[in-house]
Amino acid sequence: MRWFFLATALLLGACVSPVVIDSQEGATLDQYRSYAFVEQSEDHPRELDDQRARAALKTALAEKGLSAATAEQADVYVKHFFKREQRYDGSVFQFGFGFHRNNVGVGTTTPVEGDITEEYKLVVQMVDPATNNVVWQATSRDRLYDEMRSERRSEHIQKAVAEMFRRYPG
């Protein structure tokens, strides 16, 4: 019986989707046939991960039947960004001691040791140009780290975008 519960837990754990999808209630996403990327500020150069994400998005959108258009002619705008999160890696165990005498006390504790790791999740939004509202959004559960090699970063981004648009209706 114990093996049954263990197998069930492992099976359900394997069913967790690598992306989180959200869409506007009542939105008919199959009406969109052309897209344009939301351009970033001209003051900032396009980062390497942005370039990788845009290339993967172009491929995924084409596979879904959407074609690139100018911003004025697009049925939907595509916006993507990397959401930064910080994670603490370390020990939160502390040890302390102290004493007091004649209403005066002194104490000390050990320092908390650890590092803060920067993580990035890819977020893709589709925005209706008429209402300027997000109608569909996908967020990757996989994270990118600063220490990743270029090839691995590219693989993670391509895999995340492919999974996002596997669940895109249309």
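The values are calculated or read from the model by the stated rules, or taken from the named source; none is laboratory data. Note that the coordinates shown come from a computational prediction; the quantities given were computed from them, not determined experimentally. Because the Cβ atoms are built from the backbone with ideal geometry, glycine has one as well, and the counts that use them run over all protein chains shown. Ligands, DNA and RNA are excluded from the accessible area calculation, which covers all protein heavy atoms including side chains. Shrake-Rupley method; radii C 1.70, N 1.55, O 1.52, S 1.80 Å.
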Next item on the list: Figure the gain on full extension for Lys159 and Asp89 (residue separation times 0.36 nm, minus the Cα-Cα span) and round it to one decimal in nm.
Entry: 22.6 nm
Next item on the list: Express in Å², to the nearest 10, the accessible area of Met126 obtained by rolling a 1.4 Å probe over the protein heavy atoms while all chains stay in place.
Entry: 0 Å²
Note to self: Can you list residues from other chains, or at least 5 along the same chain, whose modelled amide H is less than 5 Å from the amide H of Val135?
What the structure shows: Met126, Val127, Asp128
Checklist line | Local electrostatic count, Pro129, Cβ distance below 15 Å [Lys/Arg +1, Asp/Glu -1] | finding: -2
Next item on the list: Could you run the Karplus curve 6.51 cos²θ - 1.76 cosθ + 1.60 with θ = phi - 60° over the range 130-141 and give me ³J(HN,Hα) per residue in whole Hz, x for Gly and Pro?
Entry: 5, 10, 6, 10, 6, 9, 8, 9, 10, 10, 6, 7
Next item on the list: Would you mind computing, in nm to one decimal, how far apart the modelled labels at Thr59 and Ile116 are, each placed 7 Å from Cα along Cα→Cβ?
Entry: 3.5 nm
Next item on the list: Quickly rank 21-32, 50-61, 69-80 as a protection proxy: mean count of other C-beta atoms within 10 Å, highest first.
Entry: 50-61, 69-80, 21-32
Notebook entry, point to check: Each label point is 7 Å from the Cα along the Cα-to-Cβ direction; what then is the distance between the points at Asp50 and Thr28, in nm?
Noted result: 3.5 nm
